[in-house]
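S.K.: Provided herewith is a single structure, encoded as structure tokens, for subsequent inquiry.
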Amino acid sequence: MAYEAVWMKNPEKLNKFEFHKIQKDGLDIIRDILDKYSKEGYDSIPEEDFNLFKWAGVYRQKPNNGHFMMRIRIPGGILTSAQARVLASIGRDYGRGLIDVTTRQAVQFHWLQIENFPDIFDRLASVGMSSIEACGDCPRTIVGNPLAGIDPDELMDTAPIVRQLEAFFVNNRDFSNLPRKYKMSISANIYNNASAEIQCLGFIPASKVIDGEEVIGFHALVGGGLSAKPHLGKQLDMFIRPEEVLKVAIGVTTLFRDHGYREKRHYARLKYLVADWGIEKFQEELVKLIGPMPPRGENRVVGWNGSYFDGVHKQKQEGLNYIGLNVPVGRTSSDEFEQLADIADKYGNGEIRTTISQNVILTGIPDDKVEEVLKHPLLERLSPNPNRFMSRTVSCTGNEFCNLAIVETKERARRVAQYLDEHVKLDQPVRIHFIGCPNGCGQKHVADIGLQGSLIKTPEGMVDAFDIAVGGTLGPGAKFNTVLKGRVKGEEVHKVLAQLIEFYKEQRTSSDESFHDFVHRVGIPVLQEKLTEILAVAS
């Protein structure tokens with residue numbers, strides 16, 4: 001290593017995985033996969049190396065019978081049609097045609113086998129893509145504005161900065177052994193469409209008058225994260241010019257690497273270090289590494305759109321449009337990805353964008369081609385005008401494939417959204433997020449209604465159930481949702497949500513009152529009383 005592993009000075013306090021990482025860097029697993037495991041097969045892989053497979057962007061797929069999930073980095077969500085075609089080919093040849101869009105703008109494959117990894121890596125590399133460090137104790141896929149470069153609501157095009165950060169951190173052994181996973185975002189969109197508050201390090205648009213001239217740059221939030229103990233990022237008191245973003249990112253990541261907690265895995269995220277140190281001390285230590293920085297300027301974030309872009313919208317380039325398409329619960333296919341590539345090439349600028357809401361965007365569509373695109377058969381399922389609830393429902397992978405998930409989420413979320421669309425008429429969007437375990441990959445904490453999988457004991461045995469939380473949002477007034485008491489059986493979730501939403505519809509002050517505003521106007525006790533009443537009748 002090119003740096004001193006200062007945390008090894010007190011090895012008796014480290015969790016056991018730290019010893020494995022210091023003996024074998026996670027990036028070394030790529031070589032082992034190519035030279036050994038892909039040739040000798042699944043049974044040749046020692047148990048201790050499966051955790052290191054994360055550095056290759058790979059997890060064992062439930063039920064651990066020889067299949068893998070692989071996550072592919074899409075920095076900032078910008079994908080070329082050539083890349084989309086390669087992803088489609090991998091999914092078709094090795095992943096049973098299944099492709100999932102994730103809440104970090106990446107895509108995931110399932111059903112992969114170790115023997116096929118060399119060819120998969122080669123195909124990805126042929127179009128400048130990689131799965132390296134898409135998982136693991138390292139910098140994950142960098143989230144960005146999916147409209148970067150075409151966005152009328154951005155202060156600058158941040159795509160080059162995302163590429164700069166990716167180029168520096170990926171495959172960099174100075175930062176491939178962090179205490180735990182590490183997530184960054186950067187966006188200059190005024191509606192916070194990279195959800196900065198829940199990142200380990202998030203850059204948001206800002207401006208500052210310097211020497212009589214307005215300079216466009218960034219503010220930074222550090223220490224955000226979800227999981228069982230969610231934290232909102234805290235804002236540093238510094239104004240960051242675009243050319244200084246990498247310097248700040250290196251400094252923050254270095255502090256995490258050298259001072260982040262390595263004793264207990266569940267207490268190893270950056271959010272705990274920031275919480276314990278406090279933002280003032282964290283900034284003091286950061287300045288020691290990167291030098292003095294000017295104080296904050298003007299925060300230019302004015303709201304949060306949840307990164308939803310349904311429908312046809314004007315780009316900042318005259319005569320061009322982007323079309324936001326809904327991918328129900330993020331699940332798509334190789335055939336659909338190829339069709340997206342065809343549309344992008346025939347009608348657009350050859351690009352497809354992925355969003356943290358698990359959806360996709362077609363870009364560069366000329367005014368006179370919009371109607372033709374809207375008539376494409378693909379847009380019947382991946383609709384630019386989706387039904388109200390399906391358009392705002394997000395789900396993690398669930399126990400269909402994930403070893404950590406307690407319950408099935410993906411198909412259940414789709415069915416719940418479909419039921420609500422059929423039975424509840426509503427003129428306001430309600431964001432509903434499902435997660436199958438406390439890790440929070442489906443980001444239930446920031447949803448209007450978040451559902452976390454659990455189990456409940458019945459006379460017939462243990463059955464799937466969900467805890468319900470309400471009232472989450474990001475942007476100005478960011479707040480995690482609050483868990484209500486009363487566990488809901490999985491088979492009853494659709495009806496319980498319908499009644500809660502009907503209660504909101506009946507009690508809101510006007511049709512303009514959002515579900516979030518309603519929750520915080522009437523208060524959690526009122527929602528709790530209503531849920532208790534619903535569950536009493538259901539039982």
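Since every read-out is calculated from the coordinates, none of them should be taken as a lab result. Because the structure is predicted, anything quoted here is derived from the model rather than measured. Positions of Cβ are backbone-derived with ideal geometry, glycine not excepted, and every protein chain shown enters the neighbour counts.
S.K.: Only bridges whose two residues both fall in the chain count here: according to DSSP, what percent of them are antiparallel, nearest 5?
M.R.: Antiparallel: roughly 80 percent of the beta bridges in the chain.
S.K.: Determine, from the Cβ-Cβ distance of residue 168 and residue 335 and an R0 of 41 Å, the FRET efficiency 1/(1 + (r/R0)^6), rounded to the nearest 0.05.
M.R.: 0.70
S.K.: Continuing with this model, one more query. In region 143-299, with Lys and Arg counted as +1 and Asp and Glu as -1 at Cβ, which of these residues, 253, 193, 160, has the Cα nearest the positive end of the dipole, that is, farthest along it?
M.R.: 253
S.K.: While we're on this one: Using only alpha carbon pairs under 8 Å that are at least six residues apart, calculate the relative contact order of region 143-299 and give it in whole percent.
M.R.: Rounded, it is 22 percent for region 143-299.
S.K.: Among 203, 219, 171, whose Cα projects farthest towards the positive end of the dipole of region 143-299, with charges put on the beta-carbon of Lys, Arg (+1) and Asp, Glu (-1)?
M.R.: Value computed over the given set: 171.
S.K.: Dipole magnitude of the chain about its Cα centre, charges +1 at Lys/Arg Cβ and -1 at Asp/Glu Cβ only, in debye to the nearest 20?
M.R.: It works out to roughly 1260 debye.
S.K.: Using all alpha carbons of the chain, what is the percent of pairwise distances in each 10 Å bin, ordered from the shortest bin to the longest?
M.R.: 4, 18, 28, 28, 17, 5, 0, 0
S.K.: May I pose another question? Give the cross-link partners of residue 314 among the lysines, using a straight C-alpha distance below 25 Å as the criterion and excluding same-chain residues fewer than 8 apart.
M.R.: 346, 369, 375
S.K.: Also, quick follow-up: Return, in residue-number order, each cysteine of the chain whose C-beta is not under 4.7 Å from any other cysteine's C-beta.
M.R.: When partners are defined as cysteine Cβ atoms under 4.7 Å apart, the chain leaves 135, 138, 200, 402, 437 without one.
S.K.: Roughly what % antiparallel, to the nearest 5, for the DSSP beta bridges in region 391-538?
M.R.: Once the DSSP bridges in region 391-538 are tallied, antiparallel ones form about 70 percent.
S.K.: Same structure, new question: Treat every Asp and Glu Cβ in region 391-538 as -1 and every Lys and Arg Cβ as +1, leave all other atoms uncharged, and give the resulting dipole magnitude about the Cα centre to the nearest 20 debye.
M.R.: 260
S.K.: Can you work out the Karplus-derived ³J(HN,Hα) for every residue in region 291-297? Use 6.51 cos²θ - 1.76 cosθ + 1.60 with θ = phi - 60°, whole Hz, and x for glycine or proline.
M.R.: x, x, 10, x, x, 3, x
S.K.: Measuring from label point to label point, each 7 Å out along Cα→Cβ, what is the residue 277 to residue 460 span in nm?
M.R.: 5.2
S.K.: Which value, in Å³ per residue, describes the convex hull spanned by the Cα atoms of region 297-402?
M.R.: Once divided by residue count, the hull of region 297-402 is 141 Å³.
S.K.: With a/c under 1.5 counting as rounded, go ahead and sort region 191-278 into rounded, prolate or oblate using the C-alpha gyration tensor (a ≥ b ≥ c being the square roots of the eigenvalues; past the cut-off, prolate if a/b is larger than b/c, else oblate).
M.R.: The shape class here is prolate.
S.K.: Given the C-alpha centroids of region 460-531 and region 215-287, what is the distance between them in whole angstrom?
M.R.: 32
S.K.: Oh, and also: Express the Stokes-Einstein translational diffusion coefficient of region 391-538 in µm² s⁻¹, to the nearest whole number, given a Kirkwood radius over alpha-carbon pairs, 37 °C and a viscosity of 0.692 mPa s.
M.R.: Roughly 214 µm²/s, to the nearest whole number.
S.K.: Give me 55, 7 ranked fewest to most by other Cβ atoms within 10 Å of their Cβ, as a rough exposure proxy.
M.R.: Lowest count first: 7, 55.
S.K.: Could you name the lysines in cross-link range of residue 183, using Cα to Cα under 18 Å and dropping any fewer than eight places away on the same chain?
M.R.: 54, 229, 234, 247, 271, 444
S.K.: Follow-up question, since we're still on this one. Quick check: convex hull over the Cα atoms of region 143-299, volume per residue in Å³, rounded to an integer?
M.R.: For region 143-299, the hull spanned by Cα atoms encloses 107 Å³ per residue.
S.K.: Separate question: For residue 216 and residue 265, calculate 0.36 nm times their separation in residues minus their Cα-Cα distance, and state this gained length in nm to one decimal.
M.R.: Difference between extended and current length: 13.8 nm.
S.K.: Another question about this same structure. Among 61-72, 514-525, what's the highest-first ranking by average C-beta atoms within 10 angstrom per residue?
M.R.: Ranked by mean Cβ neighbours within 10 Å, highest first: 61-72, 514-525.
S.K.: Another question about this same structure. With runs of 4+ DSSP H residues as the only contributors, calculate the mean residue ellipticity of the chain at 222 nm using -39,500 (n - 2.57) per run, divided by the residue total and rounded to the nearest 500.
M.R.: After summing the helix terms and dividing by residue count, I get -9000 deg cm²/dmol.
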